[in-house]
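Here the structure comes first, spelled out in C-alpha cells, and everything after it is commentary.
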Amino acid sequence: MHPNCEYTLISMQRTLIMVRHAKSSWANPLQSDFDRPLNDRGKTDAPAMGEKLKKLGISPDLIVSSTAKRTRQTAKKLAAALGYDEEAIKWEEKLYHCIPSVLEEVIYEASDKVKTLLIVAHNPGITEFVNQIAPPFSVDNMPTCGVVGAHISTKEWNNFLIAERKVFLFEYPGKHDNS
C-alpha cells in the first residue's frame, strides 16, 4: 500500500435474516386473515427464537415487518429478545402475503449502513424466497417462527441478486426436540 493513500475498509459481508411469523390463532373463524393474532405457542416461540438468535450473536441493524397483526406481534417479541428498539421497526404493508420479488424490493431499499437486516413475513412467499437465496438450500415449507440466515458478499444491498449468497442458519421452534 502506498504511504500517501488512505483506504477505508468497507465490509463486504452483510447478513440477511428471514423470519416467518410465529404460530397464529384460528380461534375466531370470522376474523380477517390480516387481523389474526398469535396463539399461545406463537407468543412463546417468538421470544424464544429471538433469544436463540441473540445467543448466536445476531444483532439486527434493521427489522422490517409486514403490518399484519401476527407479524407485528412476532417482530415486537423478536425485537425485545434481541435488545432492538421496538420503535425502530419498519412496518411494510407490501410484505403481507407478498411474492419473492417484493421481498427483494425491501432488501434493495435497505440503507447500505445496515449490515444485518431481519425481515418478518408470510408464507407462501417467504418459503419461495428462501429457496432462491442460495441453492442447494431448500425447504418444503418454512415453519412458523422459522429463521433462515444468509451471508451476502456485497457492499450494497441493491446488488443482492448478483452477490454471492450462502445460507448459514436454518432454525425453527422444536427443531432439536427429537435429536
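Residues in region 62-89 that are farther than 16 Å from K43 by Cβ and assigned to a helix (DSSP H, G or I): L82, E87, A88.
Residue by residue, here is whether (1) buried (at least 19 other Cβ atoms within 10 Å of the Cβ); (2) assigned to a loop (DSSP other than H, G, I, E, B) holds:
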| site | (1), (2) |
| --- | --- |
| E128 | no, no |
| Q132 | no, no |
| M142 | yes, yes |
| G149 | yes, no |
| L169 | no, no |
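Consider S101 against the criteria (1) of a type in the set (G, A, S); (2) surrounded by fewer than 18 Cβ atoms within 10 Å (Cβ to Cβ); (3) out of contact with any Gly (no Cβ under 8 Å at 6 or more places or on another chain); (4) over 20 Å from M142 (Cα atoms): it satisfies all of them except one. Which criterion is unmet? In the conditions (1) of a type in the set (G, A, S); (2) surrounded by fewer than 18 Cβ atoms within 10 Å (Cβ to Cβ); (3) out of contact with any Gly (no Cβ under 8 Å at 6 or more places or on another chain); (4) over 20 Å from M142 (Cα atoms), S101 misses (4) alone.
Of all residues in region 34-71 being of a type in the set (K, R) and surrounded by fewer than 16 Cβ atoms within 10 Å (Cβ to Cβ), which is nearest to H21 (Cα to Cα)? Explain how you work it out, then say what you get.
If we filter region 34-71 for residues that are of a type in the set (K, R), which is where we start, we get 36, 41, 43, 52, 54-55, 69-70.
Going one step further and asking which of them are surrounded by fewer than 16 Cβ atoms within 10 Å (Cβ to Cβ), we end up with 54-55.
Values: K54: 18, K55: 20 Å.
Taking the candidates together, the pick is K54.
In region 97-126, which residue that is part of a helix (DSSP H, G or I) and in contact with a strand residue (DSSP E or B) (Cβ under 9 Å, 6 or more places away or on another chain) is nearest to K23 (Cα to Cα)? Checking each candidate, the answer is I126.
Kindly indicate whether any position in region 104-125 is more than 23 Å from K52 (Cα to Cα), polar (S, T, N, Q) and buried (at least 16 other Cβ atoms within 10 Å of the Cβ). Within region 104-125, none of the residues are more than 23 Å from K52 (Cα to Cα), polar (S, T, N, Q) and buried (at least 16 other Cβ atoms within 10 Å of the Cβ). Scan region 26-81 for residues that are farther than 23 Å from G125 by Cα, β-branched (V, I, T) and under 14 Å from the mean Cα position of the chain (by Cα) and the total you get is 1.
Could you please let me know if K94 is among the basic types (K, R), touching a residue at least 12 places away in the same chain (Cβ under 8 Å) and in a helix (DSSP H, G or I)?
For K94, the condition - among the basic types (K, R), touching a residue at least 12 places away in the same chain (Cβ under 8 Å) and in a helix (DSSP H, G or I) - is met.
Within region 151-166, if we keep just the residues that are over 17 Å from the mean Cα position of the chain (by Cα) and not in a helix (DSSP H, G or I), the residue that is farthest from F129 (Cα to Cα) turns out to be K155.
Values in this text are rule-based calculations from the coordinates and carry no lab data. Owing to the predicted nature of the structure, the values given are computational and were not obtained by experimental measurement. FYI the Cβ positions are ideal-geometry reconstructions off the backbone, even for glycines, and counts take in every protein chain you see.
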